[in-house]
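See structure below.
The values are calculated or read from the model by the stated rules, or taken from the named source; none is laboratory data. Everything quoted here is computed from the prediction, not taken from an experiment. Glycine gets a Cβ as well: all are built from the backbone with ideal geometry, and neighbour counts include every protein chain shown.
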Amino acid sequence: MENKRVRRDDLPKHIGIIMDGNGRWAKKRGLPRKYGHREGAKAFRKIVEYCDKIGLQYLTVYAFSTENWKRPKDEVDAIMNLLEEYMDEAFAHQNDDTAVRTRFIGDMGALSIVLQEKIKRIEQIGQGRTGLTVNVALNYGGRNELVHAVQAIAELLEQGKTAPEQIDEQMLCDHLYTAGQPDPDLIIRPSGEERLSNFLIWQAAYSEFVFMDVLWPDFKPEHLEKAIEIFHQRHRRFGGI
Ligand code: IPE
Ligand code: IPE
Ligand code: MG
């Protein structure tokens with residue numbers, strides 16, 4: 001690895017990023033918020049490229065929360081259009097030599113049919129790829145995810161396929177959108193805010209948090225490298241000593 005500071009063998013397995021600060025980035029420049037989202041989408045592409053290069057296994061990015069529908073319609077539309085552009089680009093490059101697999105986590109039912117179809121196709125393209133898995137959290141909310149899991153388990157109970165005493169943490173994990181994936185080791189939030197805002201609330205039980213004073217559109221691979229460096233200085237105990 002030509003990169004001296006980030007080595008493949010001691011990388012976190014799973015990194016989560018709350019891509020925050022697009023609106024403020026635009027406001028600082030006197031531009032409408034949608035321009036911040038457009039720059040944010042560019043930063044996202046570069047970070048995916050970088051994560052792939054360093055050999056990360058899982059990256060989960062928070063793109064749109066279940067609460068973000070409260071925003072003006074033109075801003076929501078602009079974000080959805082950017083996501084669609086990203087998907088169209090992925091189709092156009094589907095035969096490129098890449099091992100990156102894109103998945104979407106969240107409540108897809110509320111999205112337009114066109115987006116839902118594109119999401120299905122993107123996920124199909126990624127099947128069988130063994131490199132970096134990118135989870136795009138879209139119409140995602142941790143509380144919504146837990147409700148969804150509980151409903152699925154309740155159905156199993158109703159069908160007699162499980163019993164109350166069989167319900168355990170593993171069963172709950174198996175019904176989350178991230179089923180089968182390791183919990184995030186590191187969660188990064190740029191923009192200066194220091195909260196989860198409903199991101200991976202179950203999975204973050206033992207994550208390390210790194211909050212950074214940079215707006216998402218300005219977030220560069222160097223910031224990620226710095227966050228990984230900070231992560232390496234932490235002492236994770238998981239309740240032990
Ligand atoms: C994050 O940036 C993108 C989404 C929530 C979709 P924001 O749009 O929240 O930017 P700020 O926090 O207003 O600066
Ligand atoms: C969290 O950011 C959601 C995304 C980055 C997609 P918000 O900007 O929506 O969070 P709050 O409102 O500041 O908590
Ligand atoms: Mg924000």
> For segment 188-200, what are the residues that are buried (at least 19 other Cβ atoms within 10 Å of the Cβ) and basic (K, R)?
Replying inline: R189
> (1) touching a Ser or Thr at 6+ places or on another chain (Cβ under 7 Å); (2) at pLDDT below 95: which one isn't true of I122, the others all being true?
Replying inline: (2)
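Every residue, every condition in (1) within 16 Å of ligand 2 (Cβ to nearest atom); (2) more than 16 Å from L56 (Cβ to Cβ); (3) surrounded by 14 or more Cβ atoms within 10 Å (Cβ to Cβ), yes or no:
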| position | (1), (2), (3) |
| --- | --- |
| I153 | no, yes, yes |
| L156 | no, yes, yes |
| Y177 | yes, yes, yes |
| D183 | no, no, yes |
| L186 | no, no, yes |
| M212 | yes, yes, yes |
| H232 | no, no, yes |
> Looking only at residues in segment 158-173 that are more than 31 Å from the chain's Cα centre (by Cα) and part of a helix (DSSP H, G or I), which one is surrounded by the most Cβ atoms within 10 Å (Cβ to Cβ)?
Replying inline: E158
> Of (1) buried (at least 19 other Cβ atoms within 10 Å of the Cβ); (2) within 16 Å of ligand 3 (Cβ to nearest atom), Y35 satisfies all except one. Which?
Replying inline: (1)
> For segment 5-34, how many residues meet the condition of being modelled with pLDDT of 95 or more, in a helix (DSSP H, G or I) and away from ligand 1 (no atom under 11 Å from the Cβ)?
Replying inline: 0
>> Looking only at residues that are modelled with pLDDT of 95 or more and assigned to a loop (DSSP other than H, G, I, E, B) in segment 54-97, which one is farthest from L200 (Cα to Cα)?
In response: P72
> What are the residues in segment 174-233 that are closer than 14 Å to I15 by Cβ, assigned to a loop (DSSP other than H, G, I, E, B) and more than 16 Å from ligand 1 (Cβ to nearest atom), if any?
Replying inline: T178, Q181, P182, D183, P184, D185, S207
>> Is it the case, given these coordinates, that Y50 is more than 11 Å from ligand 1 (Cβ to nearest atom), farther than 25 Å from D213 by Cβ and either not in a helix (DSSP H, G or I) or not acidic (D, E) (or both)?
In response: no
>> Take L157 and tell me if it is out of contact with any Pro (no Cβ under 8 Å at 6 or more places or on another chain) and of a type in the set (A, V, I, L, M, F, W, C).
In response: no
